[in-house]
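Chemist: Could you have a look at this structure, given as structure tokens, before my questions?
The values are calculated or read from the model by the stated rules, or taken from the named source; none is laboratory data. All values derive from a computational prediction rather than experimental measurement. In this analysis, Cβ positions are derived from the backbone assuming ideal geometry, glycine residues included, and neighbour counts consider all displayed protein chains.
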Amino acid sequence: MRVISGKYKGKRFDPPRNFPSRPTTDFAKEALFNILENRYDFDGLQILDLFAGTGSISLEFISRDAGQVTSVDNHAVSCKFLQSMKTSVNAANWQIIKQDAMRFLEETQATFDLIFADPPFAMPGQAEIPRLVFERGLLNSNGLLIVEHGRENNFEKIPRFTEIRNYGGVCFSFFDPDSDGD
């Protein structure tokens, strides 16, 4: 796994062989960040990375000087790896939380400028992610929710959906709190 841009561009991290998650491909990650960099200045943004896994997305935000990045994952192996990367880059603005991501959404009192969720592609109930985010008011004004998913999932009928981008077998669905979904 490598960082594609920012102050840690080119830095490589190798998750353990028995790692419990699938990292976002470099191709899809680069495409996603091209979109985001045209919409946001990351400096000072509050970012939430749900189902953080390898931390690839979190680290891209850290590398681009996001204000605070919160990574949530319930696997001990993932959290240990995230902690090792945090230490390696000395990122004081990176918070790692070992907790079920759905439970985190139900319990947190924090709000974020950008929420990225990459649940396991086969996880049932993925449509609950946007519902919880918007019912609980977890996005700040002008915020954005992005859900990474496989082609077998369709979020287009969920309120506040604005667009989908496909990159091979990876899709990103975008949700805007100010959109009514029409």
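Chemist: Within the set of pairs 6+ apart or on separate chains, which have a first residue in region 19-33 that is under 12 Å from Ile57 (Cβ atoms), a second that is of a type in the set (Ser, Thr, Tyr) and not in a loop (DSSP other than H, G, I, E, B), and C-beta atoms under 6 Å apart?
Modeler: Here the result reads Pro23/Ser56; Thr24/Ser56; Ala28/Tyr167, each pair linking region 19-33 to a residue that is of a type in the set (Ser, Thr, Tyr) and not in a loop (DSSP other than H, G, I, E, B).
Chemist: Within region 22-35, which residues are of a type outside the set (Asp, Glu) and surrounded by fewer than 19 Cβ atoms within 10 Å (Cβ to Cβ)?
Modeler: Passing the criteria: Arg22, Pro23, Thr25, Phe27, Ala31, Asn34, Ile35.
Chemist: Which residue is modelled with the highest pLDDT, if the candidates are limited to region 1-38 and must be more than 16 Å from Asp118 (Cα to Cα) and of a type in the set (Val, Ile, Thr)?
Modeler: Ranking the candidates gives Ile35 first.
Chemist: Something else: Looking only at region 156-182, count how many residues are in a loop (DSSP other than H, G, I, E, B) and either hydroxyl-bearing (Ser, Thr, Tyr) or surrounded by 14 or more Cβ atoms within 10 Å (Cβ to Cβ) (or both).
Modeler: 5
Chemist: Ok, one more. Within region 39-56, restricting attention to residues that are touching a Ser or Thr at 6+ places or on another chain (Cβ under 6 Å) and at negative phi, which residue is modelled with the lowest pLDDT?
Modeler: Selected residue: Ser56.
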